[in-house]
1. Could you please give the count of residues in the stretch 244-276 that are surrounded by 24 or more Cβ atoms within 10 Å (Cβ to Cβ), over 29 Å from Arg207 (Cα atoms) and of a type in the set (Gly, Ala, Ser)?
2. Please go through the stretch 176-209 and pick out each residue that is more than 28 Å from Arg98 (Cβ to Cβ) and touching a helix residue (DSSP H, G or I) at 6+ places or on another chain (Cβ under 8 Å).
3. Check whether at least one residue in the stretch 56-66 is surrounded by fewer than 17 Cβ atoms within 10 Å (Cβ to Cβ), more than 30 Å from Gln373 (Cβ to Cβ) and in contact with a Lys or Arg (Cβ under 8 Å, 6 or more places away or on another chain), and report yes or no.
4. Could you figure out which of (1) over 20 Å from Val89 (Cα atoms); (2) in contact (Cβ under 8 Å) with a residue 24 or more places away in the chain isn't true of Asp297?
5. Say whether the condition of being within 26 Å of Thr251 (Cβ to Cβ), buried (at least 19 other Cβ atoms within 10 Å of the Cβ) and hydrophobic (A, V, I, L, M, F, W, C) is met by at least one residue in the stretch 370-381.
6. Which pairs turn up if I take residues in the stretch 171-184 that are on the phi > 0 side of the Ramachandran plot and surrounded by 15 or more Cβ atoms within 10 Å (Cβ to Cβ) and look for partners that are among the polar types (S, T, N, Q) and at pLDDT 95 or above with beta carbon separation below 8 Å, at least 6 apart in sequence or on another chain?
7. Within the stretch 218-263, how many residues turn out to be over 23 Å from Glu289 (Cβ atoms) and of a type in the set (Val, Ile, Thr)?
8. Any idea which residue in the stretch 86-119 is nearest to the ligand (Cβ to nearest atom), counting only those that are hydrophobic (A, V, I, L, M, F, W, C) and under 30 Å from Leu164 (Cα atoms)?
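The values are calculated or read from the model by the stated rules, or taken from the named source; none is laboratory data. Quantities reported herein were computed from a predicted structural model and do not represent experimental measurements. Note that each Cβ is placed from the backbone with ideal geometry, even for glycine, and that neighbours are counted across all protein chains shown.
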Amino acid sequence: MTPSHNEAFNAHAIHEFSFWFMDLQKLRNDFPLLASPSNKPVMYFDNACMSLKPRAVINAMNQYYEQFPACGGPGRSGHALGARVREAVDQSRQTIARAIGAQHPNEIIFTRNTTESINLVARSFRWNAGDVVLTTDKEHNSNLIPWLNTRRLSNIRHAVIPSLPDNTFDLSAFEQLLKLGSVRLVSVGLVSNLDGVRVPIAEIIKRAHAAGAMVMVDAAQAMLHSPLNVQALGVDFLAFSGHKMLGPTGTGVLYGKRELLENLEPFLLGGDTVSATTYTDFQLLDVPERFEAGLQDYAGIIGLGAAMEYLQSIGWPFIESQDQQMNRIITEGIAHLKGVHMIGPADPALRGGIVAFTIKGMDHHQVAVMLEQMNAILVRSGQHCVHSWFGSRGIPGSVRASVAFYNTVDEAEQFVQAMEKITTLL
Ligand SMILES: Cc1ncc(COP(=O)(O)O)c(C=O)c1O
């Protein structure tokens, strides 16, 4: 390359770099915790537990509280403020339905979180004794305990699909279990909160449907990181949490195919679920109202719609490239360090936004405390609500760094430097 070529190349590279850099800075300014000079700077790598909230979400919630803080349920306050609440809730439902490719907004049920969405299906489905529910060996407690409990209450059977040695999904083990027959539901985490591995959901759904089983997708760890279209995939039920995808805390969604939702028996009944009652009977409202019992978290639901709109405005290519870049920098920087053992496949491309690891000879909680005290790096340590996986392997816990699109290269590099220092203590 001649010097002038070189200069032109550098100018181009700088322009490209500053474009991304400026964009990221602008995005970070949308998040009060990252933007405010009065906040002590933190490097937030606990996005799998709780994402940060952009101002658009906070503003949407404040708008409810400041301008129309009224009741919005069916048959509740008919006045102007009530009408505004209903309109905003409807809008939120439509936004969510469009974003996940649902056929109709009425297929969206607002819940408090993924846990409630999964329990709703477990408790409300008309099970036959002997029905089989399959989950993987890496499920969050919220996609395990509801099935263990349904086994107790409704006499269903529950079987576990073992993962391959690198913690990825084992299609042939799955196929063997399907051959047992009577599989009514396959309930799987789309992206694991343990190690970030994504299951081959299109193939799982294809094979489950061929065997006559429905599929419930736990998308708690997927919604912040990649697009999803329930109709294109043929998803039967989908559960996710708002608070892990930029939304308010205590908000969640259950999507279900209309005909399936209509056949569920709501387990939570009361105000807003019925059109009429006598002293001896009641008339249920249609789907989704029959599942949204009692006064709802209107501000939360409205904030959740705003979160989905904000997420979509950023664009998936940028989000996915940020996830991959951070994961690669951290993985390549720490995988070879003394005592470090990565959980899940070595290739960061297979692990989305999560880097989980143990350090031989060091307590995982102690590592998390050191990261915070040395560099204000916030991670999660423990068993991440996957006690079954850790317990069965005799592993006491792990350190988990989970990234989001607002993390920076500088933060990822500082994470690696902090880990270099920590592992020299061994
Ligand atoms: C994969 C997965 N499923 C379910 C849940 C439960 O989510 P929530 O606590 O919001 O109900 C989590 C939470 O971390 C998760 O990571």
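1. The total comes to 1.
2. Applying the first criterion (more than 28 Å from Arg98 (Cβ to Cβ)) to the stretch 176-209 yields 176-184, 194-195, 197, 207.
Leu178, Val183, Leu194, Val197, Arg207 - these are the residues of the stretch 176-209 that are more than 28 Å from Arg98 (Cβ to Cβ) and touching a helix residue (DSSP H, G or I) at 6+ places or on another chain (Cβ under 8 Å).
3. no
4. Result: Asp297 passes all but (1).
5. yes
6. Correct list of pairs: empty, since none qualify.
7. As a first pass, look at the stretch 218-263 and keep what is over 23 Å from Glu289 (Cβ atoms): 218-229, 232-234, 243-246, 249.
If we keep only those that are of a type in the set (Val, Ile, Thr) as well, we get 249.
Residues flagged as over 23 Å from Glu289 (Cβ atoms) and of a type in the set (Val, Ile, Thr) within the stretch 218-263 amount to 1.
8. Ile118
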